[in-house]
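One structure below.
The values are calculated or read from the model by the stated rules, or taken from the named source; none is laboratory data. Since this is a predicted model, take the numbers as computed values, not measurements. Ideal geometry is used to build each Cβ from the backbone, glycine not excepted, and the neighbour counts take in all protein chains shown.
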Amino acid sequence: MSTIKNVTVVGAGTMGNGIAQVFATHGFNVTLLDTNSAQLDKAVATIHKNLDRLVTKETITTAQKEVAIAHLTTSTTIATAVSDADLVVEAATENKGIKLSIFEALDAAAPAHAILASNTSSISISEIATVTNRPEQVIGMHFMNPVPIMKLVEIINGKKTSATVSDTIVELSKTLLKVPCVVNDFPGFIANRILMPMINEAIFALHQGVATKESIDTIMKLGMAHPMGPLQLADFIGLDVCLSILEVLHQGFKEEKYAPCPLLVSMVAEKKLGVKSGAGFYTYGV
């Protein structure tokens, strides 16, 4: 654990900027990597805003905010971003082809000792590891959204992940004041293997006219003490992401219970993706 000082986060979207913020706040040197410079600017602005909010709440001091920002740099090229990385956390879009391509490039550019982690929520760590020459140093580090607030980190061991690497990432997660839970590499791992079928079933209930979206969400909130109903949660996750994960589960287990609801499929085709598109099961200002 003491050897990890320099961290590269790949992808400056919602998850990437949250992961970068958490590492920088805890004193790690962080390079946020994205091919889109405008996205990097947006991510840094978001981190500033989030830290300012923490200062206002007196959760951190202005000095602590400035130290965190000083630990953060950005880059648009892999070679520069990972040249001295001890750990790389990939937080790109949930697309297997894209992730495999990224890991192949990371493996070629990162130092031999570097651990390569993926924030994937469903894609096989073992398969990702096959495109590298260091499968024993590839692991899943699945943060929850919003990263600065949510305590859980789902640690996924691939078939060849070494026990030393797994132990290192567990201890690192604790240093970030997170609660690590170790799981093995199966489709959807634990979080989404259980969550996505529930969301899918809620969509089926709406599709079949069992109840309105409001009733479905209220029943799950008040009856099951969920902080957010499954349809609203799907909107926040992104309906395209929900569909992608369900497809991984369906293809991986070859069981019809994981087949995505036709309503979900059609909504994604119509670009009704939830909060990020302004409309999903509910409507949002963008």
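Annotations for the structure displayed:
- Qualifying residue in the stretch 66-74 (condition: in contact (Cβ under 8 Å) with a residue 60 or more places away in the chain, closer than 26 Å to Gln39 by Cα and touching a Ser or Thr at 6+ places or on another chain (Cβ under 6 Å)): no
- Verdict on Ala279 being loosely packed, with under 11 Cβ neighbours inside 10 Å, of a type outside the set (Val, Ile, Thr) and over 16 Å from Ser121 (Cβ atoms): no
- Residue match in the stretch 43-54 (condition: at pLDDT 95 or above, part of a strand (DSSP E or B) and touching a strand residue (DSSP E or B) at 6+ places or on another chain (Cβ under 9 Å)): no
- Selection within the stretch 179-191 - among the aliphatic types (A, V, I, L, M) and either free of Cβ contacts under 8 Å to residues at least 60 places away in the same chain or in contact with a helix residue (DSSP H, G or I) (Cβ under 9 Å, 6 or more places away or on another chain) (or both): Val179, Val182, Val183, Ile190
- Strands (runs of 3 or more DSSP E) wholly inside the stretch 66-146 containing at least 1 residues that are modelled with pLDDT of 95 or more and of a type in the set (Phe, Trp, Tyr): 138-143
- Scanning the stretch 7-50 for residues that are closer than 16 Å to Ser118 by Cα, out of contact with any His (no Cβ under 9 Å at 6 or more places or on another chain) and of a type outside the set (A, V, I, L, M) returns Thr8, Gly11, Gly13, Thr14, Gly16, Asn17, Gly18, Thr31, Asp34.
- Among the residues examined, Val268 qualifies as out of contact with any strand residue (DSSP E or B) (no Cβ under 7 Å at 6 or more places or on another chain) and either under 30 Å from Leu116 (Cβ atoms) or modelled with pLDDT of 95 or more (or both).
- Candidates Thr132, Thr61 - the one that is assigned by TED's automatic domain parsing to the domain that holds Lys159 and either touching a residue at least 24 places away in the same chain (Cβ under 8 Å) or within 21 Å of Thr168 (Cβ to Cβ) (or both): Thr132
- Yes/no for Ala92 being closer than 23 Å to Asn133 by Cβ, buried (at least 16 other Cβ atoms within 10 Å of the Cβ), in contact with a Leu (Cβ under 6 Å, 6 or more places away or on another chain) and small (Gly, Ala, Ser): no
- Restricting the stretch 135-165 to residues that are polar (S, T, N, Q) and either under 20 Å from the mean Cα position of the chain (by Cα) or not assigned by TED's automatic domain parsing to the domain that holds Ala24 (or both) leaves a set whose member that is farthest from Leu51 (Cα to Cα) is Thr161.
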